[in-house]
């Protein structure tokens, strides 16, 4: 994965102009930026999005170290397919899918 850097100041400015998304929605992403630095994943993984700006979704990885206020570029983040949505709902119902 090519390295992309965003400054802490840029991330904080994006967070300030974010607007809420209701309801919160699960998505899939690989590229992610936090004010502490890039926290991307080599494989596409689940994210929970609760805010957005014109260029970024903002939320957190569903599994991971608990970073919040993570920027996910809209160009590399996608909606779930119907099969993925069903899989996610099944995991939640079985309670074997936990936010860490």
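Scan segment 42-54 residue by residue and report those that are in contact with a strand residue (DSSP E or B) (Cβ under 9 Å, 6 or more places away or on another chain), within 19 Å of residue 10 (Cα to Cα) and not in a strand (DSSP E or B).
53 - this is the single residue of segment 42-54 that is in contact with a strand residue (DSSP E or B) (Cβ under 9 Å, 6 or more places away or on another chain), within 19 Å of residue 10 (Cα to Cα) and not in a strand (DSSP E or B).
Six or more apart or on different chains, Cβ atoms under 8 Å: show the pairs whose first residue is in segment 56-74 and farther than 11 Å from residue 40 by Cα and whose second is assigned to a helix (DSSP H, G or I) and modelled with pLDDT of 95 or more.
Close Cβ pairs (under 8 Å, with a partner that is assigned to a helix (DSSP H, G or I) and modelled with pLDDT of 95 or more) amount to 56/74; 57/74.
Only one of these conditions is not met by residue 57: (1) surrounded by 12 or more Cβ atoms within 10 Å (Cβ to Cβ); (2) outside any helix (DSSP H, G or I); (3) at pLDDT below 95. Which number is it?
Here residue 57 clears every test but (3).
Taking the condition over 10 Å from the mean Cα position of the chain (by Cα) and modelled with pLDDT of 85 or more, does residue 83 pass? Before you say what the answer is, go through the steps one by one.
Numbers: over 10 Å from the mean Cα position of the chain (by Cα): yes; modelled with pLDDT of 85 or more: yes.
Judged against the criteria, residue 83 is a match.
Has segment 67-75 got any residue that is farther than 21 Å from residue 5 by Cα and either surrounded by fewer than 17 Cβ atoms within 10 Å (Cβ to Cβ) or in contact with a strand residue (DSSP E or B) (Cβ under 9 Å, 6 or more places away or on another chain) (or both)? Full working, then the answer.
Narrowing segment 67-75 to residues farther than 21 Å from residue 5 by Cα: none.
Looking for residues that are farther than 21 Å from residue 5 by Cα and either surrounded by fewer than 17 Cβ atoms within 10 Å (Cβ to Cβ) or in contact with a strand residue (DSSP E or B) (Cβ under 9 Å, 6 or more places away or on another chain) (or both), one finds none in segment 67-75, hence no.
Are any of the residues in segment 9-19 closer than 17 Å to residue 80 by Cβ, more than 11 Å from the chain's Cα centre (by Cα) and not in a helix (DSSP H, G or I)? If you could, list the steps in order and put the result at the bottom.
Within segment 9-19, the first condition is being closer than 17 Å to residue 80 by Cβ, and the residues that meet it are none.
No.
Here are some conditions: (1) part of a helix (DSSP H, G or I); (2) touching a helix residue (DSSP H, G or I) at 6+ places or on another chain (Cβ under 6 Å). Residue 31 meets all but one. Which one does it not meet?
Checking residue 31 against (1) part of a helix (DSSP H, G or I); (2) touching a helix residue (DSSP H, G or I) at 6+ places or on another chain (Cβ under 6 Å), the one that fails is (1).
Could you please find all residues in segment 3-30 being at pLDDT 90 or above, touching a strand residue (DSSP E or B) at 6+ places or on another chain (Cβ under 7 Å) and surrounded by 11 or more Cβ atoms within 10 Å (Cβ to Cβ)?
11, 14, 15, 18, 26, 27, 28, 29
The values are calculated or read from the model by the stated rules, or taken from the named source; none is laboratory data. What you see is a predicted model; the values in this text were computed from it and never measured. Ideal geometry is used to build each Cβ from the backbone, glycine not excepted, and the neighbour counts take in all protein chains shown.
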